[in-house]
Amino acid sequence: MNKLILPAAPALLTRKAWTAFLVCLLAVGVLAPMLNLLVPAGSALHLSDYAIALIGKIMCYAICALAMDLIWGYTGILSLGHGLFFALGGYVMGMYLMRQIGRDGQYQSDLPDFMVFLDWKELPWHWLLSGSFAATLVLVVLVPGLIAAVFGFFAFRSRIKGVYFSIITQAMTFAAMLLFFRNETGFGGNNGFTDFKRILGMPLATPGMRMTLFVLTGMTLLGFFLFARWLVTSKYGRVLQAIRDAESRVMFSGYSPLPYKLSIWVISAVMCAVAGALYVPQVGIINPGEMSAANSIEIAVWAAVGGRATLVGPIVGAFLVNGAKSWLTVTAPEFWLYFLGALFIVVTLYLPNGVVGLLDKFKRKGGAA
Amino acid sequence: MTPDLMKQGAERVQHHAELLASATASGGRDAGYGRVLQDRTEVDVSHGRILYLEDVSVSFDGFKAINKLSLDIAPGELRCIIGPNGAGKTTMMDIITGKTRPDEGTVYFGSTIDLLRHNEPEIAQLGIGRKFQKPTVFEQLTVFENLELALKTNKGVKASMFFKLDSAQSDRLAEVLHTIHLAEQVGTLAGVLSHGQKQWLEIGMLLMQDPKLLLLDEPVAGMTDHETERTAELFLSLKGKHSLMVVEHDMGFIRTISDIVTVLCDGAVLAQGTLDQVQADERVIEVYLGR
């Protein structure tokens with residue numbers, strides 16, 4: 001028998017990819033702060049506050065797209081309810097920011113303004129931990145994680161699949177939106193939370209704090225990317241892809257799909273929740289609109305445009321679609337929805353592997369010629 | 001209570017404790033009630049049967065797909081199952097592997113494991129491998145990755161995250177690659193293999209699981225004559241080490257590999273014997289040719 005050379009385990013990143021990763025890291029962690037804070041506003045190299053706010057926001061979206069890629073691209077489970085986890089993470093952070101306002105609100109009360117307005121005398125039970133930043137960080141992960149775990153357990157145990165699962169997730173986020181719209185649930189009703197003043201006792205609306213949040217978001221995105229990459233290059237990731245391609249074969253190979261689906265579902269939900277918690281202090285508002293069906297669908301669009309099951313693709317997709325959105329809604333607001341629709345048709349018909357898939361194709365053609 | 005009785009009682013308790021502590025070949029002295037006793041990886045075949053079906057029935061919307069089917073297979077046996085379309089061959093495999101629950105009857109793996117109490121992944125881990133009628137491989141993964149996934153090992157989430165192929169496992173993988181003649185395609189995506197190669201890859205995945213019983217549903221469908229010949233050689237080499245149940249329509253292939261052939265018809269065993277015997281059977285000729 002000839003000695004057979006078995007393929008080596010895939011590397012976390014190739015040398016080239018590591019270089020690109022470091023460039024991104026430097027761009028977010030060093031270059032952007034320098035161009036924004038140190039270069040004077042008149043200079044051509046100055047990065048405006050508007051650009052920082054926009055990129056910071058899109059990086060939060062990119063985390064969602066990355067999370068969507070894990071569950072949809074790799075495991076083949078299309079969730080149309082990820083906006084809920086994003087919003088829940090945002091709400092947990094929002095509650096903390098509301099408490100940080102202290103007595104500086106309209107009514108100069110210890111209670112958040114909307115509670116005074118509703119004539120509530122004390123904090124409801126689910127606000128008790130919102131005063132502590134440490135507890136908030138834990139709850140950002142725990143609350144959406146638990147909800148995802150319970151929902152996922154019952155859905156996956158009942159072997160709900162495909163479009164049925166997508167519809168149920170959509171119903172889930174819609175139901176949550178209706179719940180959060182109500183004043184008596186204690187989440188500020190349709191106004192949600194806004195008018196934040198400070199975080200950890202420091203004012204929010206300073207260039208330094210904006211930049212801190214920006215860098216933090218960028219680091220989180222890059223960290224999550226490495227984590228996701230580690231997941232999909234492990235055997236665990238290959239089992240996920242196997243579940244996507246032939247679930248019955250996975251079962252008859254001795255794997256129980258339930259813990260695999262449930263774990264990646266919860267991981268994906270928690271990623272979205274963290275993105276939501278980073279998003280709220282940057283944009284300064286959270287309301288039940290974030291749980292609308294359209295928001296969740298948009299996350300899937302970003303992933304599809306960029307290219308499913310590539311990890312880089314959905315991040316690129318989030319930047320492309322949202323970049324186009326912020327540009328078009330300013331220059332030609334009436335065309336934005338047409339553009340989104342056309343984009344979706346083009347991607348579905350001609351780019352099943354998204355933008356990244358297209359680039360790969362060119363690269364391979366170039367390599368062959 | 002007299003001291004005598006107390007002493008006797010104490011002796012009985014101690015005797016019972018000794019019995020419990022002593023290991024026995026049949027798997028302990030506790031009543032089994034069909035539960036898997038002690039070592040789940042060992043199938044008790046001391047009664048000469050690795051698979052045992054008795055009076056199994058299942059119906060779909062009133063149609064009796066399996067009708068009081070009884071069948072058993074000996075360790076190391078290669079059993080061929082034939083029968084006209086709709087005879088219940090695939091349904092029988094669905095029942096054995098936990099995909100379908102029968103309405104009544106018993107299905108035992110060895111003499112202690114009640115298969116009706118287990119689901120598909122558990123049955124696979126107990127040592128029953130199954131090849132589907134339509135070749136089912138992970139098309140987006142390479143041949144190597146397909147085999148690696150099937151490898152017999154801890155299949156929990158955490159174990160998979162930190163899994164590293166050790167050298168014994170690599171050797172096993174290389175051995176199977178040679179057995180299924182796919183050594184040159186080791187890095188190829190399974191989706192681009194030919195139909196016959198996919199069939200082989202699926203058989204290879206079964207071998208990686210190291211099952212005690214292999215259920216093979218039409219393993220040579222779509223293979224060239226040459227490939228069929230090699231498959232026959234492979235099955236004959238597996239016989240004795242593993243038990244095999246092969247469903248096929250290719251009579252030439254069955255003639256090459258079979259000892260005993262079971263003919264299924266309308267969800268029950270119609271005839272059983274060597275291929276010549278069953279082919280001479282009036283009833284078999286009738287169901288195959290009609291009147």
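Here, each number is a calculation from the coordinates, and none is a lab measurement. Everything numeric in this text was worked out from a predicted model, so none of it was measured. Here Cβ is always computed from backbone atoms with ideal geometry, including for glycine, and neighbour counts include all displayed protein chains.
If you take the Cα centroid of the stretch A:307-326 and the Cα centroid of the stretch A:177-244, the two points sit 17 Å apart.
Kindly state, to the nearest 0.05, the FRET efficiency for B:ASP103 paired with B:SER46, given R0 = 30 Å and r defined as their beta-carbon distance.
Numbers: r = 30 Å, r/R0 = 1.00.
That pair, B:ASP103 with B:SER46, gives E of 0.50.
When B:CYS80, B:CYS265 are arranged by Cβ crowding within 10 Å, least crowded first, meaning fewest neighbours, the order is B:CYS265, B:CYS80. The mean sequence distance of close C-alpha pairs (under 8 Å, at least 6 residues apart), as a share of the length of chain B, puts its relative contact order at 23 percent. Among all stretches of chain B without exposed chymotrypsin sites (Phe, Trp or Tyr not before Pro) (DSSP loop, at most 13 other Cβ atoms within 10 Å), which one is longest? With chymotrypsin sites (Phe, Trp or Tyr not before Pro) excluded where exposed in loops, chain B gives B:163-291 as its longest stretch.
What lysines sit close enough to B:LYS241 to cross-link, taking a C-alpha to C-alpha distance under 16 Å and skipping anything fewer than 8 places away on the same chain? Partners within reach: B:LYS212.
Once the Cα atoms are used to define both axes, helix A:257-283 deviates from the longest principal axis of chain A by about 40 degrees.
The angle between the Cα long axis of helix B:225-238 and the main principal axis of chain B comes to about 20°, on a 0 to 90 degree scale.
Relative to its residue count, chain A spans a Cα convex hull of 184 Å³ per residue.
For the stretch B:166-177, 3J(HN,Hα) computed residue by residue from phi via the Karplus equation (6.51, -1.76, 1.60; θ = phi - 60°) reads 8, 5, 4, 5, 4, 4, 4, 5, 5, 4, 5, 4 Hz, glycine and proline entered as x.
Going by C-beta contacts inside 10 Å, put B:MET208, A:MET93 in order with the fewest on the left.
B:MET208, A:MET93
Quote the relative contact order of the stretch A:62-293 in percent (integer), defining contacts as alpha-carbon pairs under 8 Å separated by 6+ residues. Computed over the stretch A:62-293, the figure is 43 percent. In the protein assembly as shown, inverting the average of 1/r over every pair of distinct C-alpha atoms gives 29.0 Å as the Kirkwood radius.
With an a/c value of 1.5 or above and a/b not larger than b/c for the gyration tensor axes a ≥ b ≥ c computed over the alpha-carbon atoms, the stretch B:32-289 is described as oblate.
A straight Cα-to-Cα reach below 16 Å connects A:LYS16 with the lysines A:LYS363, residues fewer than 8 places away in its own chain not being considered. When each of A:ASP113, B:ASP259 is scored by the number of other beta-carbon atoms lying within 10 Å, the sequence from fewest to most is B:ASP259, A:ASP113.
For the stretch A:1-80, the relative contact order is 12 percent, taking Cα pairs closer than 8 Å that sit 6 or more residues apart in sequence and dividing their mean separation by the residue count. Counting, for every residue in B:112-125, the Cβ atoms of other protein chains within 10 Å of its Cβ and taking the mean gives 3.
Residues considered: A:PRO352, A:PRO124, A:PRO288. Largest GNM mean-square fluctuation over chain A, using C-alpha springs under 10 Å, is found at A:PRO124.
Close amide H contacts of B:VAL269 (hydrogens built in the peptide plane, cut-off under 5 Å, sequence separation of 5 or more or a different chain): B:SER70. Distance between the 7 Å Cα→Cβ label points at A:LEU179 and A:ALA324: 3.5 nm.
Residue-wise HN-Hα couplings along the stretch A:64-70, as the Karplus relation 6.51 cos²θ - 1.76 cosθ + 1.60 with θ = phi - 60° gives them from phi, are 4, 5, 4, 4, 5, 5, 4 Hz; Gly and Pro carry x. The GNM of chain A, with springs linking C-alpha atoms under 10 angstrom apart, assigns the highest mean-square fluctuation among A:THR173, A:THR331, A:THR194 to A:THR331. For A:ILE199, the residues 5 or more places off, or on other chains, whose built amide H falls under 5 Å of its own are A:LEU204. Peptide B:204-212 has a mean of 1 when you count, residue by residue, the C-beta atoms of other protein chains within 10 Å of its C-beta. Extending 7 Å from Cα along the Cβ direction at B:ASP250 and again at A:TYR164 yields two label points whose distance is 3.7 nm.
The lysines whose alpha-carbon is closer than 21 Å to the alpha-carbon of B:LYS134, local same-chain residues fewer than 8 away aside, are B:LYS89, B:LYS99, B:LYS198. Only helical DSSP H runs with n ≥ 4 go in: add -39500 (n - 2.57) per run for the protein assembly as shown, normalise by residue count and round the 222 nm mean residue ellipticity to 500 deg cm²/dmol. Computed ellipticity for the protein assembly as shown at 222 nm equals -17000 deg cm²/dmol. Distance between the modelled labels on B:THR274 and A:ALA9, one decimal in nanometres: 5.3 nm (7 Å Cα→Cβ projection). Shown here for the stretch B:226-285: trypsin sites (Lys or Arg not before Pro) in loop regions (DSSP other than H, G, I, E, B) with at most 15 other Cβ atoms within 10 Å, namely B:LYS241.
Inside 10 Å of the C-beta atoms of A:332-342, what's the mean count of C-beta atoms belonging to other chains?
0
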